[in-house]
Each structure stands twice: as C-alpha cells, then as structure tokens.
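Presented below is the structure to which this report refers.
The values are calculated or read from the model by the stated rules, or taken from the named source; none is laboratory data. Please read all numbers here as calculations on a predicted model, not as lab measurements. Here the Cβ positions follow ideal geometry from the backbone for every residue, glycine too, while neighbour counts run over all protein chains shown. SASA here: full protein model, heavy atoms, side chains in, ligands and nucleic acids out. Shrake-Rupley method; radii C 1.70, N 1.55, O 1.52, S 1.80 Å.
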Amino acid sequence: MTGTLEGRVALVTGAASGIGLATALRLAREGATVVAADIDPAGLDRHPELHRLTLDVSNEAHWIAAAAQLRDRFGGLDVLVNNAGIVLAPQPVTAVGLDDWQRLMRVNVDGVFLGTKHMLPLLRESGGGSLINVSSIAGIRPSANAAAYAASKGAVRLFTKAVALECAAAGDGVRVNSVHPGLVETPIWDDLIPPAPGRKTTLEALAARDVPLGRLGRAEEIAAGILWLASDASSYMTGGELVLDGGRAIG
C-alpha cells in the first residue's frame, strides 16, 4: 500500500518503542498525520515525522486533554490504535500481588477503555474510521504463570467486540477490531527475560519450540496488519480478530 491513509489523522499509544513505534512510522509513511503518544516520549525524539504527545493511558484527565488537542490542532481523528501495554514477570497466580494486578489492569484494560471512551466521539465526528485495540495471542490462548496478562488481554478482546456492536448499531461508520500478536521481539521482553548476551538465543529457542513458522515475529509485521485494519482495504471487517502469531494459536 502507498498513500492509503493520505489526509487522515491517527493516534497510536505506547508509540515510543516496539509495535507502537513500528505502527506509528508505518502509518506516517502511508500519508497519515500521526500523533505518537507515550508516557515517556523520549524514544520518539529521532522521528520528526511524528507528532509527540505525552500520555498516561490510565489517566482519564490525560485522555480528555488529548481529545481536545486532537480536535483543536488536527481537526479530529480517523484512526485510533490502543497499543500501550505492560506485562508482569511470569509467576503463579498465588504469587501475584494485588498492587501489580491492579497496575496491569489500569494500563492494559482501563487504558483501552478510556481511549475508546474519549476518542470514539472524535472518530464519529470525522464520519467514521478505524479503532484498533492491540490485544495478544494470550487473550486467545493463555499460558501458565501469566494469568494476569491473559486476563487483561482477554478483556480487551471481548471489549473490542462489544464496542464494535455498539458502533454498528449506531450506524456511525466506526469499525472496531483487535490485533493479536504472538512472540514478537520487542522491549516488553525486558520484563520477562532480562537483557543479557544469551537473551536473543533464548527467545529464538522459544519461538522454534512454540511457533509453527519457527521464528519470532517482527514489529513491522504487526504494523503491516494494523495498517490494513486502519485502511479502507478492511472496510467490511468489524468486531474481528487479526491473529499475527506464526500459527501459535493453532499449533
């Protein structure tokens, strides 16, 4: 695709690294005006083609201010990518602290809810558009010792479907879909497998064992799927799940 998002405004959360950054850059290359939001936007300093926005997705006041800025500065919003998320270190559910559980839910679930709540009116004002929530393969196929993360991503999965039905019933032209990445080499692994000389080998071994395609995914591959959902090429898809996991969910 080339220039498929020309003239459109997109907001991507968690955009300072990983899938969020790859997505923001890809949407910008396709002609979109991209507002790249992150709680720590320092990672965006090298990308002047992106408009930076400091945003804590778990803070409702931040979302209210962001909506006003998008309306006043950019004239509205056409694409929302709720990508920001965190993980906990693998541990049995009996070892998960309530504070850690609640922190994870604030970012992974409350952040998606708040983004949808405050940006959906802008999407509607623009005549429709695409709302994309980044869940995870964990929201479909959970793993042991990751109950909190799976619960949060499963919540995103079903929240997406419910909002898709709301929008369809309202006839507002807004499509709402979720993306489910599998094992992708991103900085989120820093919290799971600490950076070390053998880390990449460890991740590759995990992919070779668990992924039918036998390799890790790349952030750019997930961004390509998000681009498709953001574009008119996916105009008949809403309430759907785009699973980009190398076959892990069925393997």
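Answer with yes or no whether residue 99 is among the acidic types (Asp, Glu) and touching a Lys or Arg at 6+ places or on another chain (Cβ under 8 Å). For residue 99, the condition - among the acidic types (Asp, Glu) and touching a Lys or Arg at 6+ places or on another chain (Cβ under 8 Å) - is not met. Within segment 127-142, being surrounded by fewer than 18 Cβ atoms within 10 Å (Cβ to Cβ) and either touching a residue at least 24 places away in the same chain (Cβ under 8 Å) or over 14 Å from residue 210 (Cβ atoms) (or both) holds for 127, 128, 141.
Within segment 19-39, the set of residues being open to solvent by 20 Å² or more (accessible area, probe 1.4 Å), within 20 Å of residue 112 (Cα to Cα) and touching a residue at least 60 places away in the same chain (Cβ under 8 Å) comprises 19, 21.
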